[in-house]
Amino acid sequence: MKNNRKRWFFFISILLCSQLSVHCSGGKGTLGHPPKSVDKSESYVNPVFEPILADPTVIRDSSSGYFYAYGTQDDWGDGQGSRLVPVLRSKNLSDWQLVGSAFETIPSWKASGGIWAPDAFYDNGKYFLYYAYSIWDDPNPGIGVATSDSPTGPFFDHGKIFDSKSIDVPNSIDPFIWTEDRQKYLFWGSYNDGPKQGTYGIPLSADGLSFSSVEEKFKIAAGDLEAVIIHKRNGYYYFIGSRGHCCAGANSTYHMVVGRSKELTGPYLDKNGHDIKERGNGTLLLKGGQKFVGLGHGTRIITDDRNQDWILFHGIDVERGTVSSGASRRMLFLDRVYWEDNWPVIKGNTSNIELQHKPYFK
């Protein structure tokens with residue numbers, strides 16, 4: 001009788017796994033091996049691009065339907081030197097190919113530096129790339145803007161919008177553009193311990209190339225956050241930012257937190273009602289796991305044609321933390337964003353390393 005019950009239980013288990021299209025693996029999962037019931041062409045496994053696409057931003061070209069991703073200038077250790085903002089292309093956010101570099105030459109408005117953390121934006125027939133121009137421990141980094149008629153570039157540099165000294169905000173990097181009621185806003189900011197540290201916003205001119213007055217800037221987050229994303233949903237503005245060390249290979253501690261506000265200018269509060277203008281506040285959205293660490297610097301949230309939300313970000317494999325050039329091997333990841341009580345959630349607060357269904361685009 002006991003053996004019959006065991007056989008019956010085994011039969012039911014196999015049947016359920018088949019009907020529910022799940023991968024029965026004792027809860028451990030199998031990396032990179034899809035269950036037979038799932039079409040490989042409709043599924044993906046993280047990361048979605050390697051070796052590097054750090055500090056990603058993504059835009060969709062309405063005429064072709066392609067998504068384009070841009071990342072920080074980096075030497076991938078493949079003998080091609082430092083790519084001046086690598087450009088990737090995809091139809092579905094999960095299958096990416098390198099198509100070139102956004103810049104042909106380094107901008108000239110600063111004596112030295114790299115092009116970091118671009119933010120892509122389309123307006124009135126032009127593709128914009130807002131970018132940080134900086135070196136490590138730069139006393140006066142800044143933010144510039146370039147435009148192109150094509151998402152693949154080349155982008156023409158319009159020069160500096162401001163630097164840290166002129167805008168009076170230390171470590172002015174990590175730009176993000178937001179448009180509302182035909183008004184463009186530039187958000188930016190990064191780590192700093194001084195009294196003026198933090199993430200700020202400022203209105204831009206109609207052409208998006210300048211601002212009117214330093215006095216118009218406003219602060220929304222403390223100086224232990226960077227890589228700002230703004231998202232609007234159901235009457236709330238959401239601030240998603242990154243905290244921790246981005247670029248220490250396998251020792252990176254980057255993670256992402258969130259706060260929300262009824263107003264674009266804040267205050268942005270976490271789930272406990274604490275203002276993220278105070279250091280240490282923010283509700284956890286994403287952190288590293290056993291296989292991948294340094295998860296952060298996400299893109300805008302992108303909604304697919306089944307009304308599912310997605311976010312891309314970079315992360316590091318603990319077993320392969322750097323490339324031969326010494327650069328952190330910050331690969332590109334994609335995960336679905338769910339919503340619970342008007343708060344964004346990534347399941348398990350970390351990247352899914354098992355098989356996932358791809359975003360759906362017609």
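The values are calculated or read from the model by the stated rules, or taken from the named source; none is laboratory data. Because the structure is predicted, anything quoted here is derived from the model rather than measured. Here the Cβ positions follow ideal geometry from the backbone for every residue, glycine too, while neighbour counts run over all protein chains shown. We work out accessible area using only protein heavy atoms, side chains counted, and drop any ligands, DNA or RNA first. Shrake-Rupley method; radii C 1.70, N 1.55, O 1.52, S 1.80 Å.
A few comments on the model shown:
- Segment 60-75: number of residues that are open to solvent by 20 Å² or more (accessible area, probe 1.4 Å) and either in a loop (DSSP other than H, G, I, E, B) or farther than 17 Å from residue 115 by Cα (or both): 6
- Taken over segment 158-182, the criterion of being closer than 19 Å to residue 147 by Cβ and at pLDDT 95 or above is satisfied by 158, 159, 160, 161, 162, 175, 176, 177, 178, 179.
- Residue 220, sole failed condition from (1) of a type outside the set (D, E, K, R); (2) within 23 Å of residue 58 (Cα to Cα); (3) part of a strand (DSSP E or B): (2)
- Residue match in segment 5-18 (condition: at pLDDT below 50, in contact with a Leu (Cβ under 6 Å, 6 or more places away or on another chain) and more than 30 Å from residue 132 (Cβ to Cβ)): no
- Condition broken by residue 231, with the remaining ones in (1) assigned to a loop (DSSP other than H, G, I, E, B); (2) under 17 Å from the mean Cα position of the chain (by Cα) satisfied: (1)
- Residues of segment 163-212 that are over 21 Å from residue 70 (Cβ atoms), assigned to a strand (DSSP E or B) and of a type in the set (Phe, Trp, Tyr): 200 alone.
- Taking the listed residues 243, 233, the one that is open to solvent by less than 50 Å² (accessible area, probe 1.4 Å), under 23 Å from residue 313 (Cβ atoms) and of a type in the set (Lys, Arg) is 243, with no other qualifying.
- Counted residues, segment 340-362 - those being open to solvent by less than 50 Å² (accessible area, probe 1.4 Å) and either in a strand (DSSP E or B) or of a type in the set (Ser, Thr, Tyr) (or both): 6
- Residue pairs meeting the criteria (Cβ under 6 Å; at least 6 apart or on separate chains; first farther than 16 Å from residue 174 by Cβ, in segment 122-150; second open to solvent by less than 70 Å² (accessible area, probe 1.4 Å) and of a type in the set (D, E, K, R)): 146/157
Table: residues versus (1) open to solvent by less than 60 Å² (accessible area, probe 1.4 Å); (2) more than 20 Å from the chain's Cα centre (by Cα).
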residue: 102; (1), (2): yes, no
residue: 119; (1), (2): yes, no
residue: 127; (1), (2): yes, no
residue: 135; (1), (2): no, yes
residue: 147; (1), (2): yes, yes
residue: 154; (1), (2): no, yes
residue: 157; (1), (2): yes, yes
residue: 167; (1), (2): yes, yes
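- Given (1) more than 17 Å from residue 237 (Cβ to Cβ); (2) in contact with a strand residue (DSSP E or B) (Cβ under 8 Å, 6 or more places away or on another chain); (3) surrounded by fewer than 18 Cβ atoms within 10 Å (Cβ to Cβ), index of the condition residue 286 fails: (3)
- Single unsatisfied condition, residue 109 versus (1) open to solvent by 60 Å² or more (accessible area, probe 1.4 Å); (2) closer than 22 Å to residue 324 by Cα; (3) in contact with a Lys or Arg (Cβ under 7 Å, 6 or more places away or on another chain): (2)
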